[in-house]
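Taking it in order: structure first as structure tokens, then the write-up.
The values are calculated or read from the model by the stated rules, or taken from the named source; none is laboratory data. These numbers come from a predicted model, not from an experiment. Neighbour counts run over all protein chains shown; Cβ positions are idealised from the backbone, glycine included.
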Amino acid sequence: MKKVTKVFSVMVASVALAAMLSGCGGDKKPAGGDTIKVGGNLEMTGGSASFGISSKNAIELAFKNINDKGGINGKKLELVVADNKSEAAEATNAMQKLVSQDKVVAVIGPNLSSATIAAGAINNGSKVLDIAPMATNPNVTVDPATGKTKEYNFRACFIDPFQGTVMANFAKNDLQATKAAILIDNSSDYAKGLAAFFKENFIKNGGTVVAEESYLQKDTDFKATLTKIKAAAPDILYVPGYYQEVGMIVKQGREMGIEIPMAGGDGWDSAKLPEIAGKAALNNTYFSSLYSPDDDSALNKAFVSEYEKAYKVKPDVFAALAYDSALLVAEAIKNAGDTDPVKIAQSMAKINGFQGVSGTVTFDAQHNPVKSAVIIEHKDGAQTFRTKINP
Amino acid sequence: MDMGSFMQQFVQQLINGISLGSIYALVALGYTMIYGIIKLINFAHGDIYMLGAYFGFIATTMFGFSFIPAILFSMACAALAGIIIERVAYRPMRNAPRIAILITAIGVSFFLEYSMILIATPQPRTFPAVFEATIYHFGPLVVNSQQIVILISALILMAVLTYIVQNTKAGKAMRAVSFDADAARLMGINIDRVISMTFALGSALAAAGGVLVGIYYNSIDPLMGMVPGIKAFVAAVLGGIGIIPGAMLGGIILGVVEAMVSGFFSSTFRDAAAFAILILILLYKPAGILGKNVREKV
């Protein structure tokens, strides 16, 4: 405890020092200027640079659209990007810079959960709202020590376990499955979370779980387990793991004559999957995801065509969620009618039924959006949009 | 579960287990040969298996080799790698305490794993399909042509190895060194050359295992040797370390036990079962199934 207080006091001291230093600069912009600065704490370099670059592109596109229509309450939005180098420590520095030097009214990013959790201490201390487009760890918005919601942290994506719920509903309603087998990656909290929620909801929907087996990451032989699963005669196999093992499970399962639908979460989302599993084996497999560029809502179609025009590539999930984050920030500022960061955060928490490109957003008490998910189906190795599932 | 479906599942699991076990056996052979000759548990052996898979990958993707040339190419390269590793890392330590050599082996293992990550990136690679997997149905049983190829290749390699060890002059020298290195040296046997040859043979077998696994599971990565390396070590101890038929037997038993445990109990206990076997063997029959109890000379 003593250590925590010490760390905290050092943090407070550094915030105070930074505030003083920036105060010394002397050229404070008038608070009532004609631009509103929004920070982007993004992965511009480092291992996850592709996430941050997609996000930056999408946020700039969103702000341009808003500004072209006259801005928010007569003011233009401006994005100030700080590179977090895909690291938790750098994300904290970036957050510090955005909040105390650039005096942004809200921050979008980081995309990585670990970076968002680390930086959360800064923006919560300074009472500036942060919305993370793709940070899925529950602790991003909830303090694990106290169980309380972090007042100034939001996210635009749903948390992982929700995908299990979505797939259970899809299995029941679209695939008419009543007997499920579950094969869990025991070395991943992500997979265990998805599996638990799938099981709970599949049973709630009137189905039974006929087999529940597990494996570890880096396993290569699944034939023994699959033989057992085949004998239990399920009509859907749920494998909420990552594409590496999933590819081998699908391949070996089909070789053993398991022809039932197989399903999983966004850990399946990789161009490697068809290579490992084989295109034909992947037919009749489905996974849940946050976003598909093929989603046929009018909002999304407009977004995809604008994004493609501007950047010559299809938007990925990081672009879509960052676009929604930018729109959410704009909406919160508009509703607050003020650029006071505290008021913006309060107005963000009240957002209800907001239409974004990745679905409808309403924040729950933990600042997690309650929103729809998409189901992607593999057809001859290509990912195709199957349907959208509402919570 | 009625009797018919039980038998059917049992036979299917036996097939799964034997194909998995024959790979363990190939890797275990190298462990056991090297232990037999210099009393070293070569922890880098699993990584030679990984190297073999990558050599096979290079042969098939870059040179466009078909199955048999690719496996021979990979075995030759791995044999060379085995000789170099022995020459550079183990020979200078020949007279050092056993624990020092053991630690060197762990060092070599990490060196190989992380050099490979540096060179080939940690991303798994997809092994090209060098021949199509045909699936044969025998009533309710399913056998894959790849499983048959693995089993046949393993059997052929083991037969060749047995022939080399039992019927050639080099094999006789190996057995002599393993029996008593000092006496063998006095009889004019070049011990260094025999040890190099043992590493070459053991590494070639592991590489063959690596290529077969690459084809079978379709995916290779720089850390793929860790778990099979340990499992093969268990197999070698199970059969009796230092005894060649013991490694084959141990490998097959381990594969079948794993398949049966996954099939009839729970896949969660699969690895636990493998290591429980190791503990039981060490407790009750430390010399292994085929081992004879030899009194330590004091």
Checklist entry - Among B:L280, B:L186, B:L201, B:L238, which is closer than 23 Å to B:I15 by Cα and among the hydrophobic types (A, V, I, L, M, F, W, C)? => result B:L238
Next on the checklist: Every residue in the stretch A:274-306 that is surrounded by fewer than 24 Cβ atoms within 10 Å (Cβ to Cβ) and within 14 Å of chain B (Cβ to nearest Cβ), please.
Outcome noted: A:P274, A:E275, A:G278, A:K279, A:A280, A:A281
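Can you say whether A:A263 is among the hydrophobic types (A, V, I, L, M, F, W, C) and either surrounded by fewer than 23 Cβ atoms within 10 Å (Cβ to Cβ) or assigned to a helix (DSSP H, G or I) (or both), as far as the supplied structure shows?
Values: among the hydrophobic types (A, V, I, L, M, F, W, C): yes; either surrounded by fewer than 23 Cβ atoms within 10 Å (Cβ to Cβ) or assigned to a helix (DSSP H, G or I) (or both): no.
Here the answer is no, as A:A263 does not meet what is asked.
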Checklist outcome for this item: Taking the stretch B:19-32 and keeping only residues that are more than 11 Å from every other protein chain (Cβ to nearest Cβ) and aliphatic (A, V, I, L, M), one is left with B:A25, B:L26, B:V27, B:A28, B:L29
Checklist entry - Do we find that A:Y190 is modelled with pLDDT of 90 or more, away from chain B (no Cβ under 14 Å), in contact with a helix residue (DSSP H, G or I) (Cβ under 8 Å, 6 or more places away or on another chain) and over 24 Å from B:Q147 (Cβ atoms) in this structure? => result no
Checklist entry - Does any residue of the stretch B:125-141 turn out to be within 14 Å of another protein chain (Cβ to nearest Cβ), over 15 Å from B:Y49 (Cα atoms), touching an Asp or Glu at 6+ places or on another chain (Cβ under 9 Å) and not hydrophobic (A, V, I, L, M, F, W, C)? => result yes
Next on the checklist: Looking only at the stretch A:139-149, how many residues end up being closer than 17 Å to A:V370 by Cα and either touching a residue at least 60 places away in the same chain (Cβ under 8 Å) or among the β-branched types (V, I, T) (or both)?
Outcome noted: 4
Checklist entry - Hey, B:A53 hits all of (1) within 14 Å of chain A (Cβ to nearest Cβ); (2) surrounded by fewer than 13 Cβ atoms within 10 Å (Cβ to Cβ); (3) among the aliphatic types (A, V, I, L, M); (4) in a helix (DSSP H, G or I) but one; which does it fall short on? => result (2)
Checklist outcome for this item: Of the candidates A:K179, A:K230, A:K218, A:K199, the one satisfying the condition of being without any contact (Cβ under 8 Å) to a residue 40 or more places away in the chain, more than 28 Å from the chain's Cα centre (by Cα) and in the same structural domain as A:P261 (by TED's automatic domain parsing) is A:K230
Next on the checklist: Against the condition within 9 Å of chain B (Cβ to nearest Cβ), farther than 16 Å from A:A195 by Cα and not in a helix (DSSP H, G or I), how does A:T220 come out, does it pass?
Outcome noted: yes
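Check B:I48, B:I15, B:I41, B:I37 and return the single one that is of a type outside the set (S, T, N, Q) and facing chain A (nearest Cβ under 10 Å). Explain how you work it out, then say what you get.
Numbers: B:I48 fails: facing chain A (nearest Cβ under 10 Å); B:I41 fails: facing chain A (nearest Cβ under 10 Å); B:I37 fails: facing chain A (nearest Cβ under 10 Å).
Testing whether each residue is of a type outside the set (S, T, N, Q) and facing chain A (nearest Cβ under 10 Å) leaves just B:I15.
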Checklist entry - Can B:M116 be described as closer than 24 Å to B:G225 by Cβ and free of Cβ contacts under 8 Å to residues at least 40 places away in the same chain? => result no
Next on the checklist: Residues that are assigned to a strand (DSSP E or B), among the charged types (D, E, K, R) and at pLDDT below 90: does the stretch B:121-142 have at least one?
Outcome noted: yes
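Could you pull out every one of the helices (runs of 4 or more DSSP H) wholly within the stretch B:225-298 that has 3 or more residues that are under 28 Å from B:S5 (Cα atoms) and within 14 Å of chain A (Cβ to nearest Cβ)? It would help to see each step written out before you state the result.
Values: elements: B:226-239, B:244-264, B:270-284.
Hits in the stretch B:225-298: B:244-264, B:270-284.
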Next on the checklist: Can you pull out every residue in the stretch A:322-369 that is surrounded by fewer than 16 Cβ atoms within 10 Å (Cβ to Cβ) and within 19 Å of the chain's Cα centre (by Cα)?
Outcome noted: A:N352, A:G353, A:Q355, A:T362, A:D364, A:A365
Checklist entry - Taking into account only those residues within the stretch A:60-98 that are in contact with a Pro (Cβ under 9 Å, 6 or more places away or on another chain) and buried (at least 24 other Cβ atoms within 10 Å of the Cβ), which is farthest from A:N124 (Cα to Cα)? => result A:N84
Checklist entry - Limited to the stretch A:219-253, what total is found for residues that are over 19 Å from A:G278 (Cα atoms) and of a type outside the set (A, V, I, L, M)? => result 6
Item to check | Residue among B:L283, B:L254, B:L278 that is surrounded by fewer than 21 Cβ atoms within 10 Å (Cβ to Cβ) and either among the β-branched types (V, I, T) or touching a helix residue (DSSP H, G or I) at 6+ places or on another chain (Cβ under 9 Å) (or both) | outcome: B:L278
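If you check B:A89, B:A96, which single one turns out to be under 16 Å from B:I41 (Cα atoms) and free of Cβ contacts under 8 Å to residues at least 12 places away in the same chain?
Going through B:A89, B:A96 in turn, just one is under 16 Å from B:I41 (Cα atoms) and free of Cβ contacts under 8 Å to residues at least 12 places away in the same chain: B:A96.
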Item to check | Single residue of B:F43, B:F63, B:F10 found to be closer than 28 Å to B:I215 by Cβ, over 21 Å from the mean Cα position of the chain (by Cα) and not in a helix (DSSP H, G or I) | outcome: B:F63
Next on the checklist: Being aliphatic (A, V, I, L, M) and within 9 Å of another protein chain (Cβ to nearest Cβ) is the filter here; which residues of the stretch A:227-261 pass it?
Outcome noted: A:A231, A:M248, A:M256
Item to check | Residues located in the stretch A:197-217, provided they are touching a helix residue (DSSP H, G or I) at 6+ places or on another chain (Cβ under 7 Å) and either away from chain B (no Cβ under 11 Å) or not hydroxyl-bearing (S, T, Y) (or both) | outcome: A:F197, A:F198, A:N201, A:F202, A:N205, A:G207, A:V209, A:A211, A:E213, A:Q217
